[in-house]
1. For every helix of n ≥ 4 consecutive DSSP H residues, a contribution of -39,500 (n - 2.57) applies; sum these over the chain, divide by its total residues, and give [θ] at 222 nm rounded to the nearest 500 deg cm²/dmol.
2. Percent of Cα-Cα pairs per 5 Å bin, from 0 to the last occupied bin, for the range 68-108, please list those.
3. How much accessible area does H111 have with a 1.4 Å probe, in Å² rounded to the nearest 10?
4. P(r) of the range 53-124 in 10 Å steps, Cα pairs, percent per bin?
5. Using the crude model of +1 on Lys and Arg Cβ and -1 on Asp and Glu Cβ, and no other charge, please compute the dipole size for the chain relative to its Cα centre, in debye to 20.
6. From the phi of every residue in the range 97-102, what ³J(HN,Hα) in whole Hz does the Karplus formula 6.51 cos²θ - 1.76 cosθ + 1.60 yield, where θ is phi - 60° and glycine or proline is x?
7. Taking θ as phi - 60°, what are the ³J(HN,Hα) couplings along the range 103-111 by the Karplus curve (6.51, -1.76, 1.60), each to the nearest whole Hz, with x for Gly and Pro?
8. State the percentage of accessible surface on the chain attributable to carbon and sulfur atoms; use a 1.4 Å probe and exclude ligands, DNA and RNA.
Amino acid sequence: MLIFLNMLRPSAVSGGVSDRQIYNMALRFIERRYMQRITVSDIAAHCGCSVSTVSHTFTRHAGKTIKQYVNFLRIEQAKKLLESSLLPVKTIAAMCGFGEPDYFSTVFKHHTGFSPTNYKKRNM
């Protein structure tokens with residue numbers, strides 16, 4: 001009985017949605033909301049598929065995990081803000097979706113080789 005009921009449940013995969021469509025839906029969702037707190041579960045719900053499906057599909061098409069891509073977008077936005085504004089680093093971190101300034105600094109340095117403060121000094 002459970003198998004039959006599960007077959008009736010709508011899902012992205014059984015609904016004829018291709019891997020490429022799942023990837024594109026996930027990509028659009030991320031690009032619109034990367035500055036907010038989003039989870040893989042949020043993305044999967046938006047795409048109408050499981051966390052596993054959206055994670056594997058995204059990684060296969062993008063060549064990086066969802067977390068890596070979200071951090072990439074956030075860091076790119078942070079670089080623009082650091083180069084063009086006088087906002088404090090802590091404010092920029094929050095505007096780009098990083099809840100913790102220390103985590104922002106760690107991720108930023110990993111991506112650029114510089115701390116946010118040093119990057120700002122070099123590019124102002």
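The values are calculated or read from the model by the stated rules, or taken from the named source; none is laboratory data. In this text the structure is predicted, and so the values were computed from the model without any measurement. Ideal geometry is used to build each Cβ from the backbone, glycine not excepted, and the neighbour counts take in all protein chains shown. Ligands, DNA and RNA are excluded from the accessible area calculation, which covers all protein heavy atoms including side chains. Shrake-Rupley method; radii C 1.70, N 1.55, O 1.52, S 1.80 Å.
1. Details: 8 runs with 88 residues, N = 124.
Taken over the chain, the calculation gives -21500 deg cm²/dmol.
2. Histogramming the range 68-108 at 5 Å steps yields 5, 29, 39, 21, 5, 0 percent.
3. Estimated to the nearest 10 Å², H111 gives 80 Å².
4. Histogramming the range 53-124 at 10 Å steps yields 21, 48, 22, 9, 0 percent.
5. Details: 17 positive and 7 negative charges, 63 e Å.
That gives a dipole near 300 debye.
6. Going residue by residue, I get x, 8, x, 10, x, 5 Hz, with x marking Gly and Pro.
7. 5, 4, 4, 5, 5, 4, 5, 4, 7
8. Values: 4420 of 7780 Å².
The nonpolar share, carbon plus sulfur, comes to 57 percent.
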